[in-house]
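*Asks:* Sharing a structure, written as structure tokens. Questions coming.
The values are calculated or read from the model by the stated rules, or taken from the named source; none is laboratory data. Please read all numbers here as calculations on a predicted model, not as lab measurements. Just so you know, the surface numbers come from the protein's heavy atoms only, side chains and all, with ligands and any DNA or RNA stripped out. Shrake-Rupley method; radii C 1.70, N 1.55, O 1.52, S 1.80 Å.
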Amino acid sequence: MMNKVPVILISGFLGSGKTTLLLRLLAHTRQIPLRAVVLMNEMGEYNVDSAIISEEMPDVTVEGLLEGCICCSKRNELAGALHTLLSQEPDLIFMETTGVANPEQVLEELRSPLLADQLYLVHSISVVDAELFHEYNSRFTADKELVRTLHGQLRTADFIVVNKTDAASSREVTKVVKSIRKLNDTAKLQTTEYSRVDLEPLLEPVLASTSVAEKPVQTPQPAPAQVQPTDADALSVPIPVKSSGRPSSVSRSTAFKVISAHSHKHDPKQPHSFSRLESLTLHQYSPQPLEKQRLENFLTGLGSSLLRAKGYCVLPQEGTMLLQFAGNHLEWQPTALPVSQGYVTLIGEQLDKASITDQWEQCFISL
């Protein structure tokens, strides 16, 4: 055990607050200090959530797996990504899955001969949106693969965070906890806002197997920015992942410490953790800024098919702004990061991509 690197796995549905929790954990490991690295998995073509980590903590190494889930289409790349992180000789690896990933398959991979002799699982954490938990479970009843995923995120957890309790009534929170306990009656559970949980117990097993006294103290960095009320997954900037003949969405002079980003389509031979959910990235190609109200009308006009949106847009008055949409909550946050062209990544249920793309282009007409 002493020669193995501990792993903390963080799962949870779209917009539940996984990356917010990860940022808190990273800030805490810095204080100990522990050398932590991150494997970040995202559905979209940009490694959105990784960039905020690199902005707040540029010394943290992030390995990104994009356009697929590490439980299914990206599963054959998981071992390679983890071995890349192991080459950094970390004290701890954090793994954050996509919002539609089933951690049951990820845990199987960690027990495989390729990884079992180098890694061991410390915690499997599941983050739940208290406001939307029952709505999502009811909405996706007919999607057996997705229901299995949502339940798998809870069954495999030894620590469950019932988050965003400020947006739900106390009665609803009680009902959510009761429903969770039907799936998992042994995991530790905390109810909270903005992913604020007691971090020390989560890291105690790591400290027990790591001699932190011999580790160099990491250079102090600014604490993560205050999370806004939507408590969306992260605050971030796009990182280009492949050459497509289109201009990059962020200046390449930005020194993000993301050591790789992979592009991959779904492998039909692999099982999926979801069936009807998909992502679409829309690019702000127009040299003119995008009017804020037009974009807000565009997003709200997509209706219930849209579950999650995040990205960066260049606005005429505010300049470059971070957009976060989750659970019908929309927020904007200014950024000083050098975004040359804006983009928005959408995640939703059976998205009509042709129609959505046409509506997006209409936002730029007569500017």
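*Asks:* Listed here are the pairs 4/178; 18/353; 182/353; 4/164; 18/178; which of them are more than 31 Å apart at the Cα?
*Replies:* Listed pairs above 31 Å: 4/178; 182/353; 4/164.
*Asks:* Under a cut-off of 18 Å between alpha-carbon atoms, report the aspartates and glutamates in cross-link reach of residue 175, not counting same-chain residues fewer than 8 places apart.
*Replies:* Those aspartates and glutamates meeting the cut-off are 129, 131, 135, 166, 185, 193.
*Asks:* Now for a separate question. Using all alpha carbons of segment 51-173, what is the percent of pairwise distances in each 5 Å bin, ordered from the shortest bin to the longest?
*Replies:* Once binned at 5 Å, the Cα pair distances of segment 51-173 give 2, 9, 17, 19, 20, 15, 10, 6, 2, 0.
*Asks:* Hey, another quick one. Expressed as a whole number of Å, what is the distance separating the alpha-carbon centroids of segment 146-196 and segment 98-121?
*Replies:* Between the Cα centre of segment 98-121 and that of segment 146-196, the gap is 22 Å.
*Asks:* Right, here's the next one. Tell me the per residue accessible area of segment 279-367 using a 1.4 Å probe; a whole number in Å² is fine.
*Replies:* Result: 43 Å² of accessible area for each residue.
*Asks:* Okay, moving on. Considering all projection directions equally, how large on average is the shadow of the alpha-carbon convex hull of segment 111-187, in square nanometres?
*Replies:* The directionally averaged projection comes out at 6.2 nm².
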